[in-house]
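Visitor: Provided herewith is a single structure, encoded as structure tokens, for subsequent inquiry.
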Amino acid sequence: MPFTHDILLLGRGLAGVALSETLAARSLRVCVIDAPQEGRASWVAAGVVNPIVLRRTVPSWRASELLAIAGPFYREMQHRYETPLWHPLPLAEIFPTAQEAGLWQLRMRDEEMARMMGTGPLNDAGLLRLPQPYGHGVVLRAAWLDTKALLRAHRDRWLAEGRLIERVLGPDEIREHDGGVEVAGLSAPMLVHCSGPFAQVKGLLPVRGEGLTVRMRGLSLGVMAHRGVFIVPLGDDRYRVGSTFAWDNVWSGPTEEGKRYLLDKMQRIWSGEIEMVEHWAGVRPAAQDRRPILGRITQRQAVLNGLGSRGALLAPWCAAHLADHLIDGKPLDSEVGCARFA
Ligand SMILES: Cc1cc2nc3c(=O)[nH]c(=O)nc-3n(C[C@H](O)[C@H](O)[C@H](O)COP(=O)(O)OP(=O)(O)OC[C@H]3O[C@@H](n4cnc5c(N)ncnc54)[C@H](O)[C@@H]3O)c2cc1C
């Protein structure tokens, strides 16, 4: 029997979008099966692309390599879907102490760090309205990815072209045999699970995150800022503020505790009115060792997961790396191979 497709994907968050586009660009016949479910990460992601671990002032894992792939990938998506998605925007790290300010200066002596960060100050009227007795540092190679716009644009196109099937797929609906996989009347030599926090993948550690969309009239912040929480300007006096991290009760949805935590952080730096627009929650598909989880889980099934709290930065690299492995037979980087949790 000929296959209906070259590859099937389950799940269409950032992982599924990046992989479907990467594989389609290699002229493969791809079909995605997805049903948007409560708690999915990509729909609520703040979309901050930040190559620095601000807590420790060090580059995030493979930051330069990932950035070099993420920027061109999202610019290509923007072009393909004729929708603004990728917004390079400096990120101001407002120092909580003089010690942090000193550490920033010190870290800038490192060549890789110096390419990604600066001392500012940024000339932004909104930023000057936020108290900063110890000043701020600048993450230069930061960006904001409009994940909702990307998911919407991808959905519209892939549905219209019959390459997206919107339904929940139960685990017993997947039939694997020597030659390939059959699901929901479709068949292919390979199925890739991109099901995020919903997956039963070894090594996965789901983490709840909450965030707010608020209106702060008079702030007029034109850059992203971080002071305990990220503040992302959306225009029209609206901002995304996030996020929290919780390892228990991860599927609870938005909580009063999460809202209070975020509002408290904001009230410490903005004395004007904070009008609530939306309170959202989702579950990050983190890995126990904070690395992506990629590779074959059976002969005919593979996984792309573990994007954690940096899905926007990681997804394009992971998609390209997994495609190289599955299609061209290139070896998987041992740091990301799912075999490490076997
Ligand atoms: C509050 C919050 C803020 C965040 N902020 C940022 C940020 O600023 N920057 C950043 O880079 N990352 C951020 N993240 C992390 C980012 O959202 C994730 O890394 C990324 O979205 C994970 O994508 P995914 O595709 O693996 O999972 P998901 O986005 O959850 O996608 C999985 C998809 O698979 C579908 N699915 C699963 N099982 C089935 C099934 N059986 N049948 C049908 N469909 C199925 C789900 O419904 C869903 O649509 C944040 C996360 C949260 C929760």
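Visitor: Considering only residues of segment 267-277 that are part of a loop (DSSP other than H, G, I, E, B) and not charged (D, E, K, R), which is nearest to residue 257 (Cα to Cα)?
Guide: 274
Each row is one residue, and each column tells you yes or no for (1) within 15 Å of the ligand (Cβ to nearest atom); (2) at pLDDT 95 or above; (3) buried (at least 18 other Cβ atoms within 10 Å of the Cβ); (4) more than 26 Å from residue 335 (Cα to Cα).
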position	(1), (2), (3), (4)
238	no, yes, no, yes
266	no, yes, yes, yes
272	no, yes, no, yes
276	no, yes, no, yes
296	no, yes, yes, no
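Visitor: For residues that are touching a strand residue (DSSP E or B) at 6+ places or on another chain (Cβ under 6 Å) and over 21 Å from residue 6 (Cα atoms), scanning just segment 167-203, find the one that is farthest from the ligand (Cβ to nearest atom).
Guide: The selected residue is 203.
Visitor: If we keep just the residues of segment 105-127 that are of a type in the set (A, V, I, L, M, F, W, C) and part of a helix (DSSP H, G or I), which is surrounded by the most Cβ atoms within 10 Å (Cβ to Cβ)? Give the steps one after another, and end with the answer.
Guide: Filtering segment 105-127 for residues of a type in the set (A, V, I, L, M, F, W, C) gives 106, 108, 113-114, 116-117, 122, 125, 127.
Going one step further and asking which of them are part of a helix (DSSP H, G or I), we end up with 106, 113-114, 116, 125, 127.
Working: 106: 11, 113: 18, 114: 12, 116: 22, 125: 10, 127: 24.
Out of the qualifying residues, it is 127.
Visitor: Name the residues in segment 304-328 that are more than 10 Å from the ligand (Cβ to nearest atom), touching a residue at least 40 places away in the same chain (Cβ under 8 Å) and of a type outside the set (Phe, Trp, Tyr), would you?
Guide: Once the filter is applied, which keeps residues that are more than 10 Å from the ligand (Cβ to nearest atom), touching a residue at least 40 places away in the same chain (Cβ under 8 Å) and of a type outside the set (Phe, Trp, Tyr), segment 304-328 yields 316, 319, 320, 322, 323, 326, 327.
Visitor: Additional query: Given the conditions (1) within 10 Å of the ligand (Cβ to nearest atom); (2) in contact (Cβ under 8 Å) with a residue 40 or more places away in the chain, report the number of the one that residue 244 does not fulfil.
Guide: With respect to (1) within 10 Å of the ligand (Cβ to nearest atom); (2) in contact (Cβ under 8 Å) with a residue 40 or more places away in the chain, residue 244 is out only on (2).
Visitor: Got a number for residues in segment 1-16 being within 13 Å of the ligand (Cβ to nearest atom), in contact with a helix residue (DSSP H, G or I) (Cβ under 7 Å, 6 or more places away or on another chain) and more than 14 Å from residue 285 (Cβ to Cβ)?
Guide: Selection size over segment 1-16: 1.
Residue by residue, here is whether (1) acidic (Asp, Glu); (2) more than 15 Å from residue 285 (Cβ to Cβ); (3) not in a strand (DSSP E or B) holds:
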| residue | (1), (2), (3) |
| --- | --- |
| 308 | no, no, yes |
| 314 | no, no, yes |
| 324 | yes, yes, yes |
| 327 | no, yes, yes |
| 330 | no, yes, yes |
| 335 | yes, yes, yes |
| 339 | no, yes, yes |
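Visitor: Select from segment 129-169 the residues that are hydroxyl-bearing (Ser, Thr, Tyr) and crowded, with 19+ Cβ neighbours inside 10 Å and list them in ascending order. Step through it out loud before you land on a result.
Guide: Initially, segment 129-169 is screened for residues hydroxyl-bearing (Ser, Thr, Tyr), giving 134, 147.
Within segment 129-169, just 147 meets the criteria.
Results for (1) away from the ligand (no atom under 13 Å from the Cβ); (2) without any contact (Cβ under 8 Å) to a residue 60 or more places away in the chain; (3) part of a strand (DSSP E or B), shown as yes or no for each residue.
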{"site": "214", "(1), (2), (3)": "yes, no, yes"}
{"site": "220", "(1), (2), (3)": "yes, no, no"}
{"site": "231", "(1), (2), (3)": "no, yes, yes"}
{"site": "248", "(1), (2), (3)": "yes, yes, no"}
{"site": "251", "(1), (2), (3)": "no, no, no"}
{"site": "258", "(1), (2), (3)": "no, yes, no"}
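Visitor: Which of the residues belonging to segment 253-276 are over 17 Å from residue 207 (Cα atoms) and among the hydroxyl-bearing types (Ser, Thr, Tyr)?
Guide: Matches in segment 253-276: 271 only.
Residues checked against (1) in contact with a strand residue (DSSP E or B) (Cβ under 8 Å, 6 or more places away or on another chain); (2) under 29 Å from residue 300 (Cα atoms):
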residue	(1), (2)
32	yes, yes
35	no, yes
40	yes, yes
45	yes, no
75	yes, no
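Visitor: Say whether the condition of being within 13 Å of the ligand (Cβ to nearest atom), part of a helix (DSSP H, G or I) and surrounded by 13 or more Cβ atoms within 10 Å (Cβ to Cβ) is met by at least one residue in segment 79-100.
Guide: Restricting attention to segment 79-100, the residues satisfying the condition of being within 13 Å of the ligand (Cβ to nearest atom) are 86-87, 89, 91.
Add one more test, that the residue is part of a helix (DSSP H, G or I), and what stays is none.
No; the residues of segment 79-100 include none that is within 13 Å of the ligand (Cβ to nearest atom), part of a helix (DSSP H, G or I) and surrounded by 13 or more Cβ atoms within 10 Å (Cβ to Cβ).
Visitor: Filter segment 278-294 down to residues that are among the basic types (Lys, Arg), within 11 Å of the ligand (Cβ to nearest atom) and assigned to a loop (DSSP other than H, G, I, E, B), then give me how many there are.
Guide: Result for segment 278-294: 0.
Visitor: For segment 22-46, name all the residues that are within 13 Å of the ligand (Cβ to nearest atom) and of a type in the set (D, E, K, R).
Guide: 34, 38, 40
The values are calculated or read from the model by the stated rules, or taken from the named source; none is laboratory data. Values in this document were obtained by computation on a predicted structure and should not be read as measured data. Note: ideal-geometry Cβ built from the backbone for every residue, glycine included; neighbour counts use all protein chains shown.
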